[in-house]
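The values are calculated or read from the model by the stated rules, or taken from the named source; none is laboratory data. What you are looking at is a predicted structure, and each value in this text was computed from that prediction instead of being measured. Because the Cβ atoms are built from the backbone with ideal geometry, glycine has one as well, and the counts that use them run over all protein chains shown. Just so you know, the surface numbers come from the protein's heavy atoms only, side chains and all, with ligands and any DNA or RNA stripped out. Shrake-Rupley method; radii C 1.70, N 1.55, O 1.52, S 1.80 Å.
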Amino acid sequence: MSFDLSRRRMLGALCVTLGLAGLALPASAPATASDFPNKPVTMIVPYGAGGSTDTMGRVFAKALGEALGQPVVVVNRKGGGGSVGASFLKNSAPDGYTILLGGIDEITAWNAIASQVDFTADDFSYLGAVANYQNALVAPEGQPFSTLDEFVDYAKANPGTPVVAQGGMSAKFLDRLASAEGLELRAINANSGAEAMQLLIAGNALMSYSGGIHANYAGQIKVLASLNDTRLSGYPDKPTFKEAGYDLAMPSMIGVMAPAALPDDIAATLEAAVTKAAADKDFLTVVEDRLKSKVELVSGADMQVLIGVMTEKLRPLATD
């Protein structure tokens, strides 16, 4: 079976993106650090509203706006595991007024080589990572399984078990699990973590990928396994996907990027503001207390290096 939903939906999603590209602000004279910013900044969240990225993104936008001295307006451009928003960003003016917050390493190190997209990692300027996802496989409470091994046994006994795929790399993990265990899983698509959680709670699916929004559903959603390289900070008793015998780990950096060719002085202004916003009290509360994740600051330069390393590490998987 195959869960490569992003490939099947990408052409349609990119058509929408190209249509929306005409709504971008008209080109103007290049901005400089001396007058940047002198108007509101748009921050794309490339996923649906209500998920973990959107939740922290709105608090981060407020802190970033305070650091910049101009409002930062969040715009959701969902689709293609973040690729629709990234494509829009690539085609925006490199003037600092359009940026993106999301799973930067997955978008640029995975989607760029595994999906039919119109961008590569070189099409962006990297302004830093601010936190990480608590990537996990989760299930609704009340089911007759509490571990990934128990879910596998259940799915073997119940062919057609419904699971949520959110496109991108999460579909690859479900595909790997199904192939390794000979499972017949039925994929249901969701465009955000919040939508995925509602599908689980309503009983329309029995397992899903989650980037961290599951922490908002204590008592309703349980974690089966971590998809990160390490166990999740909020669920140290749950094994990783690797520990369960599947040699895969998911990228987890939440970062900020802008179009390539961003002037160095504007990039420096934005990166300084990103660093300041990452230390904001409300942002720390949302990330660490509410989403049970961690604020982890990585510079734009270091982030770019990590993405290059990750791209080569993931390349064999993309063609698997």
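Looking only at the range 246-255, which residues are over 18 Å from the mean Cα position of the chain (by Cα) and open to solvent by less than 30 Å² (accessible area, probe 1.4 Å)? Step through it out loud before you land on a result.
Just the residues of the range 246-255 that are over 18 Å from the mean Cα position of the chain (by Cα), to begin with: 246-247.
The answer is Tyr246, and nothing else.
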Please find, among Val138, Val59, Val75, the residue that is among the β-branched types (Val, Ile, Thr) and out of contact with any strand residue (DSSP E or B) (no Cβ under 8 Å at 6 or more places or on another chain).
-> Val59
Condition check for Gln143: closer than 27 Å to Phe36 by Cα, in contact with a strand residue (DSSP E or B) (Cβ under 9 Å, 6 or more places away or on another chain), open to solvent by 10 Å² or more (accessible area, probe 1.4 Å) and touching a residue at least 12 places away in the same chain (Cβ under 8 Å) = no
With the condition kept exactly as written, say whether any residue in the range 309-316 is β-branched (Val, Ile, Thr) and either closer than 21 Å to Gly69 by Cβ or in contact with a strand residue (DSSP E or B) (Cβ under 7 Å, 6 or more places away or on another chain) (or both).
-> no
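One line per residue, one yes/no per condition, for (1) assigned to a loop (DSSP other than H, G, I, E, B); (2) more than 30 Å from Leu199 (Cα to Cα); (3) at pLDDT 95 or above:
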position: Pro26; (1), (2), (3): yes, yes, no
position: Pro30; (1), (2), (3): yes, yes, no
position: Pro37; (1), (2), (3): yes, yes, yes
position: Met43; (1), (2), (3): no, no, yes
position: Gly50; (1), (2), (3): yes, no, no
position: Thr53; (1), (2), (3): no, no, no
position: Phe60; (1), (2), (3): no, no, yes
position: Glu66; (1), (2), (3): no, yes, yes
position: Val73; (1), (2), (3): no, no, yes
Residues satisfying the stated conditions in the range 202-221, i.e. surrounded by 21 or more Cβ atoms within 10 Å (Cβ to Cβ) and on the phi > 0 side of the Ramachandran plot | Gly212
Please go through the range 128-140 and pick out each residue that is of a type outside the set (A, V, I, L, M) and either at pLDDT 95 or above or surrounded by fewer than 17 Cβ atoms within 10 Å (Cβ to Cβ) (or both).
-> Gly128, Pro140
What number of residues within the range 147-201 are outside any helix (DSSP H, G or I), open to solvent by 70 Å² or more (accessible area, probe 1.4 Å) and without any contact (Cβ under 8 Å) to a residue 60 or more places away in the chain?
-> 2
Which listed residue, of Leu306, Leu297, is hydrophobic (A, V, I, L, M, F, W, C) and outside any helix (DSSP H, G or I) = Leu297
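Residue-wise test of (1) of a type in the set (Gly, Ala, Ser); (2) within 15 Å of the chain's Cα centre (by Cα).
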{"residue": "Arg58", "(1), (2)": "no, yes"}
{"residue": "Gly69", "(1), (2)": "yes, no"}
{"residue": "Asn76", "(1), (2)": "no, yes"}
{"residue": "Gly79", "(1), (2)": "yes, yes"}
{"residue": "Gly82", "(1), (2)": "yes, yes"}
{"residue": "Lys90", "(1), (2)": "no, no"}
{"residue": "Gly103", "(1), (2)": "yes, yes"}
{"residue": "Thr108", "(1), (2)": "no, yes"}
{"residue": "Ala112", "(1), (2)": "yes, yes"}
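Rundown of residues vs (1) at pLDDT 95 or above; (2) within 29 Å of Met43 (Cα to Cα); (3) open to solvent by 20 Å² or more (accessible area, probe 1.4 Å); (4) among the β-branched types (Val, Ile, Thr), yes/no style:
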site	(1), (2), (3), (4)
Pro236	no, no, yes, no
Ala244	no, no, yes, no
Pro259	yes, yes, no, no
Ala268	yes, yes, yes, no
Give me the pairs, please: first residue somewhere in the range 31-54 and of a type in the set (Lys, Arg), second residue anywhere and modelled with pLDDT of 90 or more, beta-carbon distance under 8 Å, and either six or more positions apart or on two chains.
-> Lys39/Gln70; Lys39/Tyr97
Could you tell me whether Asp118 is outside any loop (DSSP other than H, G, I, E, B), acidic (Asp, Glu) and either open to solvent by 10 Å² or more (accessible area, probe 1.4 Å) or within 20 Å of Tyr235 (Cα to Cα) (or both)?
-> no
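When the residues of the range 273-283 are filtered to those that are open to solvent by 60 Å² or more (accessible area, probe 1.4 Å) and in a helix (DSSP H, G or I), which remaining residue is nearest to Leu68 (Cα to Cα)?
Within the range 273-283, the first condition is being open to solvent by 60 Å² or more (accessible area, probe 1.4 Å), and the residues that meet it are 275-276, 279, 281-282.
Retained after the next criterion (residues that are in a helix (DSSP H, G or I)): 275-276, 281-282.
On the way: Thr275: 11, Lys276: 10, Lys281: 17, Asp282: 17 Å.
Across the range 273-283, the extreme among qualifying residues is Lys276.
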